[in-house]
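Take a look at the structure set out below.
Computed from the coordinates by the stated procedures, all read-outs in this text should not be read as laboratory data. Just so we're clear, the structure is a prediction, and the values are computed from it rather than from any experiment. Every residue, glycine as well, gets a Cβ built from its backbone with ideal geometry; the counts of neighbours run over all protein chains shown.
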Amino acid sequence: MRVIAGTYRGRRLVAPLGDHTRPTSDRTREAVFSMLGPLEEDMRVLDLFAGSGALGIEALSRGAGFALFCDEDRRAASVIQENLKALEIGPDRGRLVRGDARRALQEARRAAEAYDLIFMDPPYLLAQELGTALQDDVAAVLAAGGRVITESGRRAPMTLDRLPMSKERRYGTTLIRIHTA
């Protein structure tokens, strides 16, 4: 797996071993960032269920100013730290929170943090349940004009009823949806 474009273009990323984490394919990542268009320097990114951190790292590579990575899996968190270290992304540009997505969102909400891009790529089997459970907290930390990008399976898609959907694309068994504030 490699960073597709930007500052870190071509740099390799490691992914957690085993089948517990499913990294977003290069093709799907490229399509997502094509739909998003250029990123601004002051953009803040929240990468929930980050896995390898590939989505947040791609956003940083393409110009976003800061990314917060969240994953509760110990192996995934270790891999994210390894990828950030290998790319020399310091805590001023990228930070990891190991823990539950709901807790991370609630902490961000209490701290009045706002994010311009929020990536949500949970385990496909939990996507519907998590979309319903997290949508209020996601909406609360989404900056005005911000976007939420969900990745889920086509058969059981993640739905965020409280945020308007602006785009939807299918890539094999993967469904990408972009919701706006």
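Brief remarks follow.
- The HN-Hα couplings worked out from phi for region 162-175 by the Karplus form 6.51 cos²θ - 1.76 cosθ + 1.60 (θ = phi - 60°) are 8, 10, x, 8, 9, 8, 8, 9, 10, 9, x, 8, 9, 10 Hz, whole numbers, x standing for Gly and Pro.
- Treating each Cα of the chain as an identical point scatterer and summing with the Debye formula, the log10 of I(q)/I(0) at q = 0.10, 0.16 Å⁻¹ comes to -0.32, -0.91.
- Only helices reaching 27 angstrom along their own axis (Cα) with mean Kyte-Doolittle hydropathy no lower than 0.0 count here, and not one DSSP H run of the chain does.
- Among 176, 57, the ranking by other beta carbons within 10 Å of each residue's beta carbon, starting with the fewest, stands as 176, 57.
- Each part reduced to its alpha carbon centroid, region 102-124 and region 38-71 end up 12 Å apart.
- With contributions of -39500 (n - 2.57) from each DSSP H run of at least four residues, the per-residue ellipticity at 222 nm computed over the chain stands at -9500 deg cm²/dmol.
- Low-density loop cleavage sites - trypsin sites (Lys or Arg not before Pro) in region 65-157, where at most 10 other Cβ are within 10 Å (DSSP): 155
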